[in-house]
Amino acid sequence: MPLAVHAAALLSLLPTDASAHGPALDHHLLLNLWIILTLATLAHILLLIGLAMRRASEARHLWTIEFLPLALLAIIFAALAIRAERLWAATRYTGASPEAMQVEVTGMQFAWYFRYPGPDATFGITRPQLASPAEGNPVGVDPADPHSTDDLVTAELVIPAGREIDLRLQAQDVIHGFSIPELRLKQNAVPGESIHIHFTPTKPGTYAILCTQLCGLGHYRMNANLRVLSPNDFRAWLTAREKPVHP
Ligand SMILES: [Cu+2]
């Protein structure tokens, strides 16, 4: 089964699949590659046949070898595009379930910060003029807002496996690209916008969060860690982090 071997080799080149929506995306990618492989082979066979039969046939209009293949190609292309668009939209436009864990992600030159709303489940107000990484307030949380007192801001993203996570992405200065290859996630963080993306991590582990937009001289070092923990480990982590906030 050369095609199966081919697929297995391709899959082994992809990073680990650690999210619930990942396998469908990988499947779609492989389907695209198989179709391209088939069409490229067919095109070369047709080319060789054309060369061999060049003198044997007269030039005439053959709709079966012109319009029919073109129509079929257009249908295949449209079907692939619609399916890809649906897969893309599934993590964005359909909306997360109400039980999803909320985490705010802020990109800035050249770091990622993550904010958890705390036990009150509400994010405090942020003000750009208050943002100061040097003073321990990188995202500019307003201490005057009662909702902000229990907000937890971290430099690594820690989430529990098996629970849906609803991220809201924003950027303080320029466009940054939030990307986690193992979770098959990639979404720009744009200044002035709050962009939601939701997913369910399936495999505990440590993965790299990258910035995929050239955002300045320090772009090469703009990364952070994602740690996917078991639900129990996550609870322990959250409790330990929340203690200093609630003495
Ligand atoms: Cu960046």
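The values are calculated or read from the model by the stated rules, or taken from the named source; none is laboratory data. Everything quoted here is computed from the prediction, not taken from an experiment. Note: ideal-geometry Cβ built from the backbone for every residue, glycine included; neighbour counts use all protein chains shown. Just so you know, the surface numbers come from the protein's heavy atoms only, side chains and all, with ligands and any DNA or RNA stripped out. Shrake-Rupley method; radii C 1.70, N 1.55, O 1.52, S 1.80 Å.
Give the carbon-plus-sulfur fraction of the accessible surface of the chain in %, rounded to a whole number; probe 1.4 Å, heavy atoms of protein chains only. List each step's numbers first, then the result.
Details: 9530 of 14660 Å².
In the chain, the share of accessible area belonging to carbon and sulfur is 65 percent.
In nm, what is the difference between 0.36 nm times the number of residues separating His27 and Phe77 and their Cα-Cα distance? Can you show the working numbers first?
Details: separation 50, 0.36 × 50 = 18.00 nm, distance 1.61 nm.
Here the segment from His27 to Phe77 would lengthen by 16.4 nm.
Can you give me the solvent accessible area of Ser194 with a 1.4 Å probe, rounded to the nearest 10 Å²?
Probe radius 1.4 Å; accessible area of Ser194 about 70 Å².
Tell me which DSSP H helices of the chain clear both cut-offs, 20 Å or more of axial length from alpha-carbon atoms and a mean Kyte-Doolittle hydropathy of at least 1.0.
Values: long enough: 22-52 (45 Å, 1.60); 63-90 (39 Å, 1.45).
Span-like helices, by this rule, are 22-52, 63-90.
Taking just the alpha-carbon atoms of the chain, what radius of gyration and Dmax come out, in angstrom?
24.5, 91
Whole-Hz ³J(HN,Hα) for each residue in the range 164-177, computed from phi via Karplus 6.51 cos²θ - 1.76 cosθ + 1.60 with θ = phi - 60°, x for glycine and proline: what do you get?
Karplus values, whole Hz, x for Gly and Pro: 5, 10, 10, 8, 10, 9, 9, 9, 8, 10, 10, 6, 10, x.
Solvent-accessible area per residue for the chain at a 1.4 Å probe radius, Å²? If you can, show how the numbers build up before the last one.
Numbers: 14660 Å² over 247 residues.
Value returned for the chain: 59 Å² of accessible area per residue.
Among rounded, prolate and oblate, which fits the range 134-247 when a ≥ b ≥ c are the square roots of the eigenvalues of its C-alpha gyration tensor, a/c under 1.5 means rounded, and a/b larger than b/c means prolate? Mind showing how you got there, number by number?
Numbers: a/c = 1.77, a/b = 1.10, b/c = 1.61.
Here the range 134-247 falls in the oblate category.
Classify the range 80-158 from the C-alpha gyration tensor, please: rounded if a/c falls under 1.5, else prolate or oblate depending on whether a/b exceeds b/c. Don't skip to the end; give the middle numbers.
On the way: a/c = 2.89, a/b = 1.79, b/c = 1.61.
Prolate, because a/c is 1.5 or more and a/b exceeds b/c.
Take the alpha carbon gyration tensor of the range 187-230, find the square roots of its eigenvalues, order them as a ≥ b ≥ c, and report rounded if a/c is under 1.5; if not, report prolate when a/b exceeds b/c, else oblate.
Working: a/c = 3.55, a/b = 1.41, b/c = 2.51.
Note, shape of the range 187-230 comes out oblate.
Taking 7 Å along the Cα-to-C-beta vector as the label spot, tell me the Arg221-Arg163 distance in nanometres, rounded to one decimal.
The answer from the label model is 3.4 nm.
Got a number for the accessible area of Arg163? Probe 1.4 Å, square angstrom, nearest 10.
100 Å²
How much accessible area does Arg127 have with a 1.4 Å probe, in Å² rounded to the nearest 10?
Solvent-accessible area, nearest 10 Å²: 90 Å².
In percent, what relative contact order does the chain have, based on Cα pairs under 8 Å that are 6 or more apart in sequence? Walk me through the numbers before you get to the answer.
Working: 383 pairs, mean separation 50.7, N = 247.
That works out to 21 percent.
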